[in-house]
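Let me begin by presenting the structure, written as structure tokens, before commenting on it.
The values are calculated or read from the model by the stated rules, or taken from the named source; none is laboratory data. Only a predicted model underlies this, so the values are computations on that prediction, with no experimental measurement involved. Methodologically, a virtual Cβ is constructed for each residue, glycine included, from the backbone with ideal geometry; neighbour enumeration extends over all protein chains shown. Heads up: the accessible areas ignore ligands, DNA and RNA and are worked out on the full protein's heavy atoms, side chains in. Shrake-Rupley method; radii C 1.70, N 1.55, O 1.52, S 1.80 Å.
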Amino acid sequence: MRKALRGFLSLAVLIGTVSATGASAGAATAAEPTGFRSTAVGDNGTSTDIKDRILAIPGMSLIEEKPYAGYRYFVLNYTQPIDHRHPSKGTFQQRITLLHKDTSRPTVFYTSGYNVSTNPGRSEPTRIVDGNQVSLEYRFFTPSRPAPADWSKLDIWQAASDQHRVFTALKQIYTKNWLATGGSKGGMTATYFERFYPEDMDGVVAYVAPNDVVDKEDSAYDRFFENVGTKECRDRLNGVQREALVRRGPLEKKYQEYAAANSYTFDTVGSLDRAYEAVVMDYVWAYWQYSLLSDCDTIPADAKNAPDQAIWDSIDSISGFSAYSDQGLERYTPYYYQAGTQLGSPNIKQPWLGNLSRYGYQPPRNYVPRSIPMKFQPSVMRDVDTWVKNHADHMLYVYGQNDPWGAERFRLGAGARDSYVMTVAGGNHGSNVAGLDADDKATATAAILRWAGVAPAAVQEDPAKAKPLAQFDARLDKRDVMNERGLRP
């Protein structure tokens, strides 16, 4: 937890001071790379298993434990108030996973902003600090949804308060430093947590986090698409997207067959025609979000003369024709609700389409069942943006140069301290610290180690020597892909 004297302590770190605790923790990791501590000695001298300590927390219950070498891994439920302002008005069960390394290690608090994966995994900061990881499912993503669902209780303050309660409960066991992290909507979530509870975390690592301060002002996105990549690649993408609307008739017939074969319906968006256009309108954005410039040779070079199947295949592989069916939207109703009430959403012009679009970029309201009321709150993102500019402390933002979500990003102001915004050259929405150039990667890694309290003495003296404390694990360190289709961060 950040202490009242954190300004003084940050200065001490910058001039090379390191606590004995941080140094010894780093040394222990080097000496025992595969070890972990799953028991603790109680006041009566007896050993208490970590699972028992966790389940002794009021409101915590076990769903399952999964074995993984070098760790204990728990899938848990935690009882949360539906409304943190009025805790007596009902509760719900929120899923948590806990990758336990050792109570003497730092802990990383991860959220994707969506569902939580129930398979063991490590975020990049967890590997860097060789720590424990607590992962939280965002409220209202099933099964972590109150019943009945009062959607007015789905907002960024309520979600930050979920994290605060989890942190407060687990901090009594995991007493070392904590970092918050997440990618995309998870990076936004980590930022909002810091904004409302700035004393909880010792640092924040937010990846590719959009920051839509003024929802109706989206010219930054238009400028982005005018210049991203190369003209040749842009022309290829624009050509395929345009042909998909020119050939709406035959391709929608194919879409009807596809929907029938998969039992897809379109009640929420209103019609198959609206869903088809929504998928096509996402195409260029989705390409740059998930692909690299080097992938452009997979896009048909002569769209006008390409067969219908080639146009269909390219759109489907990048945007996904299931995205705006009722079945594709259902899982993401909480996201679209938040986009239409607080987070904001992009609206780009795409002039290369001429007058072929019937609906333009459809608003989030079109993707949420009409039975759920929505009203946009324009002051919410302005508040967060102002806070970050004036109060960011121990915060790192990593963006991808070619990721459209980074066109509107978080920026630091004069009030920021020991905080950074870095960009991966040519990077997409999967950009991370490992993809930064050598100097930025060293600076970022050293900062993460320092904030976690585990920077080795050599790194304190020379940040260029900073590297992850844990070895790469192909299973644990694979990307947590919660959302790979549709226009969602």
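I'm checking my understanding of the structure. Among residues of the stretch 356-408 that are touching a strand residue (DSSP E or B) at 6+ places or on another chain (Cβ under 9 Å) and acidic (Asp, Glu), which one is farthest from Ser345 (Cα to Cα)?
Asp393
Looking at (1) open to solvent by 20 Å² or more (accessible area, probe 1.4 Å); (2) on the phi < 0 side of the Ramachandran plot, which one does Gly360 not meet, given that it meets all the others?
Unmet condition: (2).
Go through the stretch 389-416 and give me each residue that's aliphatic (A, V, I, L, M) and closer than 10 Å to Ala209 by Cβ.
Here is the first cut: in the stretch 389-416, the residues aliphatic (A, V, I, L, M) are 392, 395-396, 398, 407, 412, 414, 416.
The answer is Val398, and nothing else.
Here are the criteria: (1) under 17 Å from Val384 (Cα atoms); (2) open to solvent by less than 40 Å² (accessible area, probe 1.4 Å); (3) not aromatic (Phe, Trp, Tyr). Tell me which single one Asp215 does not satisfy.
(2)
Examine the stretch 148-165 for a residue that is open to solvent by 10 Å² or more (accessible area, probe 1.4 Å), out of contact with any helix residue (DSSP H, G or I) (no Cβ under 9 Å at 6 or more places or on another chain), within 27 Å of Ser371 (Cα to Cα) and charged (D, E, K, R), and state whether such a residue exists.
Checked the stretch 148-165: at least one residue is open to solvent by 10 Å² or more (accessible area, probe 1.4 Å), out of contact with any helix residue (DSSP H, G or I) (no Cβ under 9 Å at 6 or more places or on another chain), within 27 Å of Ser371 (Cα to Cα) and charged (D, E, K, R).
It is to be established whether one or more residues within the stretch 257-271 are open to solvent by 60 Å² or more (accessible area, probe 1.4 Å), under 30 Å from the mean Cα position of the chain (by Cα) and charged (D, E, K, R).
Yes: the stretch 257-271 contains one or more residues that are open to solvent by 60 Å² or more (accessible area, probe 1.4 Å), under 30 Å from the mean Cα position of the chain (by Cα) and charged (D, E, K, R).
Taking the stretch 100-111 only, how many residues are open to solvent by less than 10 Å² (accessible area, probe 1.4 Å) and within 18 Å of the chain's Cα centre (by Cα)?
Residues in the stretch 100-111 being open to solvent by less than 10 Å² (accessible area, probe 1.4 Å) and within 18 Å of the chain's Cα centre (by Cα): 4 in total.
Quick one: how many residues across the stretch 75-94 are out of contact with any Phe, Trp or Tyr (no Cβ under 8 Å at 6 or more places or on another chain), free of Cβ contacts under 8 Å to residues at least 60 places away in the same chain and within 21 Å of Thr118 (Cβ to Cβ)?
Of the residues in the stretch 75-94, 4 are out of contact with any Phe, Trp or Tyr (no Cβ under 8 Å at 6 or more places or on another chain), free of Cβ contacts under 8 Å to residues at least 60 places away in the same chain and within 21 Å of Thr118 (Cβ to Cβ).
Give me a count of the residues in the stretch 263-304 that are touching a Phe, Trp or Tyr at 6+ places or on another chain (Cβ under 9 Å), part of a loop (DSSP other than H, G, I, E, B) and farther than 21 Å from Tyr221 by Cβ.
Residues meeting the conditions: 4.
Anything in the stretch 387-404 that is over 20 Å from Asp200 (Cβ atoms) and open to solvent by 10 Å² or more (accessible area, probe 1.4 Å)? List them, or say none.
Selection gives Lys389, Gln401, Asn402.
Looking at (1) open to solvent by 40 Å² or more (accessible area, probe 1.4 Å); (2) within 30 Å of Trp451 (Cα to Cα), find the lone condition where Pro378 falls short.
For Pro378, the failing item is (2).
What number of residues within the stretch 299-349 are out of contact with any Ser or Thr (no Cβ under 7 Å at 6 or more places or on another chain), of a type outside the set (A, V, I, L, M, F, W, C) and within 28 Å of Glu408 (Cα to Cα)?
The number of residues fulfilling the criteria is 24.
Please work out if Ala260 is touching a residue at least 60 places away in the same chain (Cβ under 8 Å), in a helix (DSSP H, G or I) and small (Gly, Ala, Ser).
No; evaluated as a whole, the condition is false for this residue.
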